[in-house]
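Below you'll find the structure, written out as structure tokens, and then a few comments.
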Amino acid sequence: AQIAGTGQTAAGMALLSGALDRQQVTAAAYSQITHKLGEHATLIYARHTWDQLVLGETEKEMLRMACDQVRYQHVVYDQWGFDERLAYGKGVSMLFAGPPGTGKTMAAQVVANELGIEMYKVDLSQVVSKYIGETEKNLNQVFNEAKKSNVILFFDETDAILGKRTEVKDAHDKNANLETAYLLQKMEEYDGITVMTTNYKENIDSAFFRRISYVIHFSFPDAKARREIWRGIFPQRTPLGEDVDLDYLAHQFEITGGSIKNIALVASFMAARAGEAVGMQHIVRAVKYEMAKQG
């Protein structure tokens, strides 16, 4: 019935806009799905593509392998018979580790865009509860709702819930350890994609690494990577002054991609207010504000 509904919705869209691409057909399919993920998670619109992601070739290849593991599930599990061998653990789980602003959230959006799958960012403040058993109940609801709709679950800054399990000295320690174990269990049972990020890999319980499909490290960008980020941060339609020196910016300011994005945006607003093309004076002033913000 939902497939028939998808066809009818897509036919209506085609009457309005002509031939449909994959994204529009996917949107028609998602329109047939009802879930309650909105109570604990927020839909993230994935607009980033591979060419915007500045990352090492090894890390990019791991991301592509993760996408292939989803794209070719029907071949390996259904046609080649691996479905009969695996009782659980058919999903793909990824942990992105690295300093803030190095592109972890962007990488998750690239995966979602590449596969044409909606991504929901789980609000840990809504999930983690001080009441015993409440966190597990909320996590169970999130994963059950995600199963209905085939979405990517994105857990940002998961140190709070993926922290190292401690020696049990009181009821709080026991409860925290139970929450960690429960999240591990639900991740293994989930057939879809879960993406988690952490700023400090050393804080993560070592038991997680065995159960996570891919652990990808996001390092602080060097001068070459920073130049790539500067080169791609301004849209093609943005007027740039001839004095903009990307090599100078890349070598002079040791900052992350997240900071470069903030600087480009602030500089663009300065130039727009002055009615000018974005020049070095705007960018350097924006750098000064960004540096002052970070102390």
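The values are calculated or read from the model by the stated rules, or taken from the named source; none is laboratory data. It should be emphasised that the depicted structure is a prediction, and the values quoted were computed from it without experimental measurement. Methodologically, a virtual Cβ is constructed for each residue, glycine included, from the backbone with ideal geometry; neighbour enumeration extends over all protein chains shown. The protein model used for the area step is the full one, side chains on, heavy atoms only, and it has no ligands, DNA or RNA in it. Shrake-Rupley method; radii C 1.70, N 1.55, O 1.52, S 1.80 Å.
Within segment 18-28, the set of residues being surrounded by 11 or more Cβ atoms within 10 Å (Cβ to Cβ) and not in a helix (DSSP H, G or I) comprises 20 only. The helices (runs of 4 or more DSSP H) found entirely in segment 176-295 that carry 1 or more residues being within 18 Å of residue 157 (Cα to Cα) and either in contact (Cβ under 8 Å) with a residue 60 or more places away in the chain or of a type in the set (Lys, Arg) (or both) are 206-211, 257-274.
Being part of a loop (DSSP other than H, G, I, E, B) and either farther than 17 Å from residue 218 by Cβ or polar (S, T, N, Q) (or both): is that true of residue 93 here? No; evaluated as a whole, the condition is false for this residue. Of all residues in segment 152-175, exactly one satisfies the criterion of being modelled with pLDDT of 55 or more, outside any helix (DSSP H, G or I) and open to solvent by 80 Å² or more (accessible area, probe 1.4 Å), namely 157. Inclusion of residue 15 among residues that are in a helix (DSSP H, G or I) and in contact with a Leu (Cβ under 9 Å, 6 or more places away or on another chain) is not warranted. The set of residues in segment 274-291 being open to solvent by 10 Å² or more (accessible area, probe 1.4 Å) and closer than 15 Å to residue 235 by Cα consists of 277 alone. Reported count of residues in segment 98-148, each being part of a helix (DSSP H, G or I) and either of a type outside the set (Asp, Glu) or within 20 Å of the chain's Cα centre (by Cα) (or both), is 29. The single residue among 225, 271 that is under 23 Å from residue 53 (Cβ atoms), surrounded by 14 or more Cβ atoms within 10 Å (Cβ to Cβ) and modelled with pLDDT of 90 or more turns out to be 225.
Going by the structure shown, is residue 110 in contact (Cβ under 8 Å) with a residue 24 or more places away in the chain, open to solvent by less than 30 Å² (accessible area, probe 1.4 Å), farther than 21 Å from residue 47 by Cβ and among the β-branched types (Val, Ile, Thr)? Here the answer is no, as residue 110 does not meet what is asked. The residues of segment 62-77 that are in contact with a Phe, Trp or Tyr (Cβ under 6 Å, 6 or more places away or on another chain) and within 12 Å of residue 91 (Cα to Cα) amount to a single one, 66. Among the residues making up segment 115-138, those that are open to solvent by less than 60 Å² (accessible area, probe 1.4 Å) and modelled with pLDDT of 85 or more are 115, 116, 117, 118, 119, 120, 122.
Criterion first (exposed (fewer than 14 other Cβ atoms within 10 Å of the Cβ), touching a helix residue (DSSP H, G or I) at 6+ places or on another chain (Cβ under 9 Å) and modelled with pLDDT under 90) does residue 294 satisfy it? Yes: the conditions hold for residue 294. Would you say residue 90 is under 9 Å from the mean Cα position of the chain (by Cα), open to solvent by 10 Å² or more (accessible area, probe 1.4 Å) and not β-branched (Val, Ile, Thr)? Judged against the criteria, residue 90 is not a match.
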